[in-house]
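Q: Just passing along the structure, written as structure tokens.
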Amino acid sequence: DTGVSQDPRHKITKRGQNVTFRCDPISEHNRLYWYRQTLGQGPEFLTYFQNEAQLEKSRLLSDRFSAERPKGSFSTLEIQRTEQGDSAMYLCASSSSIGQVVYEQYFGPGTRLTVT
Amino acid sequence: AQSVTQLGSHVSVSEGALVLLRCNYSSSVPPYLFWYVQYPNQGLQLLLKYTSAATLVKGINGFEAEFKKSETSFHLTKPSAHMSDAAEYFCAVSDQGAQKLVFGQGTRLTINP
């Protein structure tokens with residue numbers, strides 16, 4: 001068990017550019033979540049997948065944001081036409097679910113995005 | 001809708017003293033409750049969780065929390081603070097289905113030598 005990994009750890013981009021982040025969950029976990037954390041705040045839910053299906057999206061996820069989990073393994077989060085307000089830590093988490101039971105989420109180290 | 005309120009954005013205690021971090025929740029369904037710790041520039045680490053079993057939950061690093069339905073609280077305690085406990089602590093609530101977490105604002109714990 002190598003834990004949840006995220007790449008890159010840091011990204012600096014200019015306003016208007018597109019960025020893509022990757023998350024590799026714990027291998028046996030079928031659920032994958034994305035959260036956003038701004039300075040001094042708790043993480044806020046963005047979206048989650050069960051296997052390859054995206055089951056819920058937050059209103060925070062504007063049409064400039066898109067997330068995929070094509071084969072039910074790793075996931076990508078893309079932000080198009082970045083704005084300064086997108087600057088935040090983007091956290092990925094994974095968990096397993098068996099029937100009605102959903103187990104705790106394990107978080108990755110995060111990707112810190114700075115939009116200049 | 002679910003929500004969490006953490007009372008006190010900053011808590012400072014002396015090394016060896018009792019740590020008490022407060023969390024109150026709101027939920028229209030029986031909640032699952034969690035405490036996570038975050039060290040600088042790192043992700044979140046689960047300290048403990050309540051999932052409708054025992055109301056007194058023991059976690060890692062000597063932390064524990066008690067679920068009190070009548071008070072809608074889930075306060076985190078540790079009998080004796082250690083310097084390594086200095087970090088940001090987050091309380092979170094979820095329903096029993098999606099387990100989408102709703103976090104509080106966080107409490108920064110400082111330990112004085």
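The values are calculated or read from the model by the stated rules, or taken from the named source; none is laboratory data. Quick caveat, the model's predicted, so the values are computed rather than measured. Using ideal geometry, Cβ is built from the backbone for each residue, glycine included, and neighbour counts are taken over all protein chains shown. We work out accessible area using only protein heavy atoms, side chains counted, and drop any ligands, DNA or RNA first. Shrake-Rupley method; radii C 1.70, N 1.55, O 1.52, S 1.80 Å.
Q: Any chance you could count how many residues in region B:71-96 are of a type outside the set (Gly, Ala, Ser) and within 14 Å of chain A (Cβ to nearest Cβ)?
A: Total meeting the criteria: 7.
Q: I would also like to ask the following. Hey, could you check region A:32-44 for residues that are crowded, with 22+ Cβ neighbours inside 10 Å and either of a type in the set (Val, Ile, Thr) or at the interface with chain B (Cβ under 10 Å from one of its Cβ atoms) (or both) and say which is farthest from B:GLN6 (Cα to Cα)?
A: So, considering only residues that are crowded, with 22+ Cβ neighbours inside 10 Å and either of a type in the set (Val, Ile, Thr) or at the interface with chain B (Cβ under 10 Å from one of its Cβ atoms) (or both), the one farthest from B:GLN6 (Cα to Cα) is A:TYR33.
Residues are listed down the side, and each one gets a yes or a no for (1) open to solvent by less than 60 Å² (accessible area, probe 1.4 Å); (2) in contact with a His (Cβ under 9 Å, 6 or more places away or on another chain):
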residue: B:LYS49; (1), (2): no, no
residue: B:ALA53; (1), (2): no, no
residue: B:GLU66; (1), (2): no, yes
residue: B:HIS75; (1), (2): yes, no
residue: B:PRO79; (1), (2): no, no
residue: B:SER84; (1), (2): no, no
residue: B:ALA87; (1), (2): yes, no
residue: B:SER94; (1), (2): yes, no
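Q: Where residues in region A:97-114 are under 17 Å from the mean Cα position of the chain (by Cα) and of a type in the set (Val, Ile, Thr), which of them is farthest from the other protein chains (Cβ to nearest Cβ)?
A: Per the stated criteria, the residue is A:THR114.
Q: Could you list, in sequence order, all residues of region B:99-113 that are open to solvent by 20 Å² or more (accessible area, probe 1.4 Å), part of a loop (DSSP other than H, G, I, E, B) and within 8 Å of chain A (Cβ to nearest Cβ)? Write out each step before concluding.
A: Looking only at region B:99-113, we keep the residues that are open to solvent by 20 Å² or more (accessible area, probe 1.4 Å), and these are B:100, B:102-103, B:105, B:108, B:110, B:112-113.
So of that shortlist, the ones also part of a loop (DSSP other than H, G, I, E, B) come out as B:100, B:105, B:113.
Matches in region B:99-113: B:LYS100, B:GLN105.
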